[in-house]
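Take this structure, written in structure tokens, and hold onto it; I'll ask about it next.
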Amino acid sequence: MKTTPFTKKHIELGAKMHEFAGYNMPIEYSGINDEHLTVRNGVGVFDVSHMGEFWVKGPKALSFLQKVTSNDVSVLPIGKAQYSCFPNGKGGIVDDILVYHFEKDKYFLVVNASNIQKDWNWCVSHNPEGTDLENASDKMAQLAVQGPKALETLQKLTDVNLSEVPYYGFTTGKLAGVKEVIISNTGYTGAGGFELYFYPEYADQVWDAIFEAGAEFGIKPIGLGARDTLRLEKGFCLYGNDIDDTTSPIEAGLGWITKFVEGKNFIDRPLLEKQKAEGTERKLVRFELKERGIPRHGYEIVNEKNEHIGIVTSGTMLPEIKKGIGMGYVKPKYSKENSTIYIKIRSNNMEAVIVK
């Protein structure tokens, strides 16, 4: 298994470790429920150094990105990031990504850990123009500092005015005595906070400084277990569960990152444009169980007549309110808000309601 610059820290802190995307990663420390609530109410730190990072540079960088990504990169100003995806040429998704605009003709992509090689091969194979591509995944450490106390924690460590960095905005500055840290007002928890990118040799220095600064707010390290429950509570998609090579961005409710603007002839545009106009055979929905239970990935979704109408892609029990929630694909007529569906949990059909 691969390690991150923080693997030793996780083991020393007693984390429950497990393989994820080829890396030895912390799944939990004090427990998923406790870690979930720590991020919701205070501040927590995630090691996300397993994520992949690509540089896209040169005079053809924009035209390359306009071709391989679904969102409109031409409107992305310097200093801002956008959520996007790589359409796969068959109506599915290679990966969901972040695109950062660093300077003229210079962009930065953040991709999922499990897809680094696949994404890299995809970019290289769709680059006949000779855009300058660099896979910098092994040259970066990344921490996500998330929660309502994240800004106060990090502000102690930098002269950058973090309150002036807008949502999905970023800057580069000195933090914890380390120069050239990318400070990004992004994260996948729905709790607010920042993601930090820096050279791996400064890993211990940055980690220790953050935990010292956040001590008064009860800062804790957070594992992948709570990362999953937090993103699910917010309704964010997880690649490999809710979206993959068989799901289109239109089906997945990602039409807002799929831009059919003039001059943007991206991969799969005609097919996705047709789906947007004519509709799809299924839609990704969010639901809450009306009864006590935990929906799981792969559970069947049925209607009141016990007829198959879909499948659960993600599910959990929310720590605070002890309510089962989930996401899944259903036939469009069952996708409207407040519609009733049923989740097959063992031999029971548990009633659930579609929510925003």
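Just so you know, all these numbers are worked out from the coordinates, no wet-lab data involved. Just so you know, these numbers come straight off a predicted model, no measurement behind them. Counting neighbours? That spans all protein chains shown, and the Cβs are built from the backbone with ideal geometry, glycine included.
Once you list every other residue whose beta carbon is under 11 Å from the beta carbon of K174, what net charge do they have if Lys and Arg are +1 and Asp and Glu are -1?
Overall, the nearby charge balance is -1.
Let me ask something additional. Summing +1 for each Lys or Arg and -1 for each Asp or Glu, what net charge is found among the other residues whose Cβ lies under 10 Å from the Cβ of N71?
+1
Just how many % of Cα pairs in the chain lie over 39 Å apart, if you round to the nearest whole percent?
16
Report, ordered by chain and residue number, the lysines lying within cross-link reach of K234, taken as a straight Cα distance under 16 Å and ignoring same-chain residues fewer than 8 apart.
Partners found: K322, K323, K356.
Taking the Cβ of G130 as the centre, find all other residues whose Cβ is under 12 Å away and add up their charges (Lys, Arg: +1; Asp, Glu: -1).
Taking every other residue near G130 into account, the sum is 0.
Sort the range 281-355 into rounded, prolate or oblate with this rule: let a ≥ b ≥ c be the square roots of the eigenvalues of the Cα gyration tensor; rounded if a/c is under 1.5, and if a/c is not under 1.5, prolate when a/b is larger than b/c, oblate otherwise.
Verdict is prolate for the range 281-355.
Only bridges with both residues in the chain count here: give the DSSP antiparallel percent, nearest 5.
95
Using per-residue counts of other Cβ atoms within 10 Å, averaged over each peptide, order 343-355, 34-46 from highest down.
By packing density, highest mean first, the sequence is 34-46, 343-355.
Placing unit charges on C-beta atoms (Lys and Arg positive, Asp and Glu negative, everything else neutral), compute the dipole magnitude of the chain about its Cα centre in debye, rounded to 20.
860
Just need the relative contact order of the chain here, percent rounded to a whole number, with Cα pairs under 8 Å and 6+ apart.
18
Name the helices (complete DSSP H segments) of the chain with a Cα length along the long axis of 24 Å or more and a Kyte-Doolittle mean of at least -0.5, or state none.
Membrane-span-like by this criterion, though nothing is claimed about a membrane: none.
Continuing with this model, one more query. Just rank K156, K57, K305, K333, fewest to most, by other beta-carbon atoms within 10 angstrom.
Result, fewest neighbours first: K305, K333, K156, K57.
Can you tell me how the range 1-93 classifies by the Cα gyration tensor, rounded, prolate or oblate, using a/c under 1.5 as the rounded cut?
prolate
With bins 5 Å wide starting at 0, give me the P(r) of the range 52-131 over every alpha carbon pair, in whole percents.
3, 16, 30, 29, 17, 5, 0
Starting from the Cα gyration tensor of the range 208-346, take the square roots of the eigenvalues, sort them a ≥ b ≥ c, and report rounded, prolate or oblate (rounded when a/c is under 1.5, otherwise prolate if a/b is larger than b/c, else oblate).
Oblate.
With runs of 4+ DSSP H residues as the only contributors, calculate the mean residue ellipticity of the chain at 222 nm using -39,500 (n - 2.57) per run, divided by the residue total and rounded to the nearest 500.
Result for the chain: -5500 deg cm²/dmol, rounded to the nearest 500.
By counting other Cβ atoms within 10 Å of each Cβ, how are H308, H297 ranked from fewest to most?
H308, H297
On to the next question. Just need the relative contact order of the range 52-131 here, percent rounded to a whole number, with Cα pairs under 8 Å and 6+ apart.
36
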